[in-house]
Amino acid sequence: MTQVLSGIFFHLGKRKESTKDYSKKWWAVILMLTVLVVLIVAALIAISLTARSGVGIHVVAGTFLLAMTSLLTASYIKRINLPNNQVTRHPVYLPVAIVSVFFAITSLVLGYIIYPTDPIGFGIVMIAGGIVLSVFFLLVYEGYPRLKIHGSPGILAISGLLMVTAIIYMTVIADWIVPYSPFHINVGGIREPPNPSFPLGTTSLGQDMLSRVIAGGATMLQVAAISVVVCFSIGVPIGLLSGYRGGLVDKTIGLVMDSLFAFPGLVLAIAIAAILGPGILNMAIAIAVVYIPSYFRVVRSQVFTVRELPYVEAAIVMGARDRDILFRYILPNVLPSSVVIMSINFADAILTAAGLTFVGLGLSVDIADWGWDLTLGFQVLIVGAWWISAFPGLMVILLALGFTLTGEGLNEILTPKLRE
Amino acid sequence: MVDVLRIKDLIVEYTTQRGTARAVDRVSLTLGENRTLGLAGESGCGKSTLGRSLMKLVPYPGKIVSGDIILNIDHDITWKKGTIKKGDVSILELNDDQLRMIRGSEIAYIFQDPMTSLNPMLSIGKHFIQIQQAHDPTIEDEQALERAKEVLESLGILAERVDDYPHQFSGGMRQRVMIGLGLVLRPRLLIADEPTTSLDVIVEAQILEEMAELKEKFNLTMILITHNLGVLAQTADDVAIMYTGRLAELAPTEALFENPQHPYTEALLQSVPDVTKPDKKLAWIPGAPPDLVNPPDGCMFNPRCPFAMDICKQEEPPLIQSDTGGLVACHLYGRS
């Protein structure tokens, strides 16, 4: 075990073993990390299920059923393609349609049987959770052989995606499995250490820590998703415009972007968040502004490269319209690199969001958010209440780790030039 | 016979940090309908720059300094924002929008490297649809695909392959697709810039043959830019030999190959290996082309010319009528 773990700290000491043994350790570490994250998430869900019997277990069982259905369908699709010994370019729509209908009907029926007071809400959670869990299982089943051909970057990407989907699944079904409402104060004693009735302890306000850890991912993921969408939809077009037009337009936009780039990211985000005030959307915008320049830079430089390629010139020679050249010739060849930035941006956005809440510029106190628990837990760490900051901190690290691994993996898969 | 293209005293210059290099220097050419003109010369003699300036697409930092390029158009071109009347049109006076309509529909250009000249993200059919709709937005996708299939079939590519992507084609087939893309809008003038250089000889022969057939079928006038003199002997009606941006010799193909006038042409022909004379020692041209930023006085070829005379170092030879029915720029002639 100690030998395996020493693989992480390879650069600290001189390596004695061969590269083969060494890379085996590397694989083992990645595998262990992935399993560890999935186990932590599974353990959190399991603990809260034992604490609150009833609807929670039905949700988990139901989503599991749906995920297994899609897994079976996937293996069926795979098998009907194999005898022809050729890859069909068009996906098989019929089985997918059947599965979707099955998803909808099952969720509604289960909703009316199990939870008649709110069947629609139950159904929505079933479908959303089922989809996320399907993605998780499909990644293991289908993605592993597919990404394995990409070598170690493929493995990195897939373990990152597994971690992220596991946490997303937990967040999606959070409302139905938490033992207590994450917002209610005084459900237990103040700063109770972990004990059988409160497995992760309670906060300074007497909220249940377990519920807050499970539900706290929602704001984090929302902020990250919104900020990435905003960044992407602003950074990529202006990068395209700047790279394609060049000249004065490029110089002007470049100057603005460079001056944004000059600020340290977190400081700029704090400044903007302080101006805009609290709220999920405002946090997302503050983070987006910080990351627009990196999209802009990457897209612009890629456009400069692609613009000079012979096929773009050939299109100009054949009298193609500007918009065709931009959107059919340049954009599709630029997108892969901006997708890479996107996945790295996700990890950064989560850390920045946690940082913003930590300095008190995030959300109101009653909302379950890992960043808030970190702040409040940090203040009471001195009296020995380690559990308040430790568990949310761990979750932030795991989510950021998942996104970073995904980003690093996709980076090498989608930009083949790096491999040459 | 109508002159499809007339080039008058065209000068193209590249501005570099060291100074100005004249890549095309006072070139005048006339190209009759259905003729094939071969442009030959060694690397850097300005033949590709000349080809590109015909579409007003000289790469930066190049600039067309003076001269005129007149293209004859046999029908009115009308589109949303304007029209171009039929008759003689000066390419250099057209604006970007008008140029875009001329490119592809009147002048087609085929590049040297077919491997990278197709967008890897678009299927072959999409290429055809997009090019046709760029010139006539009213064309439906199906209609455009029908025409694409027709052109591809005439080039020996199966019609059902329109849905395939460029990486599924070999180099020769990609060059056929490029030729098809050039011809789908029925242009009058086809400029082929070393179309077969990156292909092997068998495919090269096939493609040259197909191009000759297509020339008849589509009523094309062609400019073939190459440094392979054998290709020109096979396909061209007239051959222009360029040296350092100037025309050295322009003559009907047979006359040029049988009776080269300019010492440079002669030296070029000498340096082609001949399989029928295995004992012959391969000749070469000593020296290298001059620096275009600081060109030598007089005739540009004088430092390498075996017949160089005193006058060659002082005066630039004018382009004069030669005995074989062509034009030649050399002091050896016309002084009797």
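Of note:
- Some residue of the range A:253-276 being within 21 Å of the chain's Cα centre (by Cα), free of Cβ contacts under 8 Å to residues at least 60 places away in the same chain and farther than 30 Å from A:Val334 by Cα: no
- Residue match in the range B:170-180 (condition: buried (at least 17 other Cβ atoms within 10 Å of the Cβ), among the basic types (Lys, Arg), within 24 Å of the chain's Cα centre (by Cα) and more than 10 Å from every other protein chain (Cβ to nearest Cβ)): yes
- Residue in the range B:247-266 that is touching a residue at least 60 places away in the same chain (Cβ under 8 Å), among the charged types (D, E, K, R) and buried (at least 21 other Cβ atoms within 10 Å of the Cβ) present: yes
- Of the set (1) in contact with a His (Cβ under 9 Å, 6 or more places away or on another chain); (2) modelled with pLDDT under 90; (3) in a helix (DSSP H, G or I), all apply to B:Val177 but (2).
- Qualifying residue in the range A:285-292 (condition: within 11 Å of chain B (Cβ to nearest Cβ) and open to solvent by 20 Å² or more (accessible area, probe 1.4 Å)): no
- Residue within the range A:330-339 that is in a helix (DSSP H, G or I), away from every other protein chain (no Cβ under 14 Å), modelled with pLDDT of 90 or more and open to solvent by less than 40 Å² (accessible area, probe 1.4 Å) present: no
- Looking across A:Val213, A:Val249, one residue alone is touching a Leu at 6+ places or on another chain (Cβ under 9 Å) and crowded, with 23+ Cβ neighbours inside 10 Å. It is A:Val213.
- A:Val303 closer than 17 Å to A:Ser233 by Cα and modelled with pLDDT under 90: no
- Strands (runs of 3 or more DSSP E) completely within the range B:24-105 that count 3 or more residues being surrounded by 14 or more Cβ atoms within 10 Å (Cβ to Cβ): B:36-40, B:62-73
- The one condition in (1) open to solvent by less than 30 Å² (accessible area, probe 1.4 Å); (2) at pLDDT below 90; (3) of a type in the set (S, T, N, Q) that B:Thr221 fails to fulfil: (2)
- Members of the range A:296-329 found to be small (Gly, Ala, Ser), facing chain B (nearest Cβ under 9 Å) and surrounded by fewer than 20 Cβ atoms within 10 Å (Cβ to Cβ), listed by number: none
- For A:Phe261, the requirement of being open to solvent by less than 20 Å² (accessible area, probe 1.4 Å) and either in the same structural domain as A:Thr357 (by TED's automatic domain parsing) or out of contact with any helix residue (DSSP H, G or I) (no Cβ under 8 Å at 6 or more places or on another chain) (or both) is not met.
- Among the residues listed as B:Ile131, B:Ile139, the single one being of a type in the set (A, V, I, L, M), in the same structural domain as B:Glu210 (by TED's automatic domain parsing) and under 17 Å from A:Phe327 (Cα atoms): B:Ile131
- For A:Met342, the requirement of being at pLDDT 85 or above, in a helix (DSSP H, G or I) and crowded, with 20+ Cβ neighbours inside 10 Å is not met.
- Test result for B:Tyr109, within 11 Å of chain A (Cβ to nearest Cβ) and open to solvent by 40 Å² or more (accessible area, probe 1.4 Å): no
- Looking across the range B:80-106 at every residue that is among the acidic types (Asp, Glu) and within 13 Å of another protein chain (Cβ to nearest Cβ), the one that is farthest from A:Val334 (Cα to Cα) is identified as B:Glu106.
- Taken over the range B:116-140, the criterion of being closer than 17 Å to B:Val162 by Cα, part of a loop (DSSP other than H, G, I, E, B) and either open to solvent by 20 Å² or more (accessible area, probe 1.4 Å) or within 9 Å of another protein chain (Cβ to nearest Cβ) (or both) is satisfied by B:Ser117, B:Leu118, B:Asn119, B:Pro120, B:Met121, B:Leu122, B:Glu140.
- A:Thr404 open to solvent by less than 70 Å² (accessible area, probe 1.4 Å), within 23 Å of A:Gln302 (Cα to Cα) and at pLDDT 85 or above: yes
- Within the range A:363-395, being under 13 Å from A:Leu210 (Cα atoms) and β-branched (Val, Ile, Thr) holds for one residue alone: A:Ile388.
- Some residue of the range A:383-391 being more than 14 Å from chain B (Cβ to nearest Cβ), open to solvent by 20 Å² or more (accessible area, probe 1.4 Å), within 30 Å of B:Asp96 (Cα to Cα) and not in a loop (DSSP other than H, G, I, E, B): no
- Test: residue in the range B:184-195 that is within 11 Å of another protein chain (Cβ to nearest Cβ), within 29 Å of B:Ala236 (Cβ to Cβ) and assigned to a helix (DSSP H, G or I): no
The values are calculated or read from the model by the stated rules, or taken from the named source; none is laboratory data. As the structure is a computational prediction, the values presented were derived from the model and not from experiment. Cβ: placed from backbone, ideal geometry, glycine included. Neighbour counts: every protein chain shown. Surface accessibility is based on the protein's heavy atoms, side chains included, excluding ligands, DNA and RNA. Shrake-Rupley method; radii C 1.70, N 1.55, O 1.52, S 1.80 Å.
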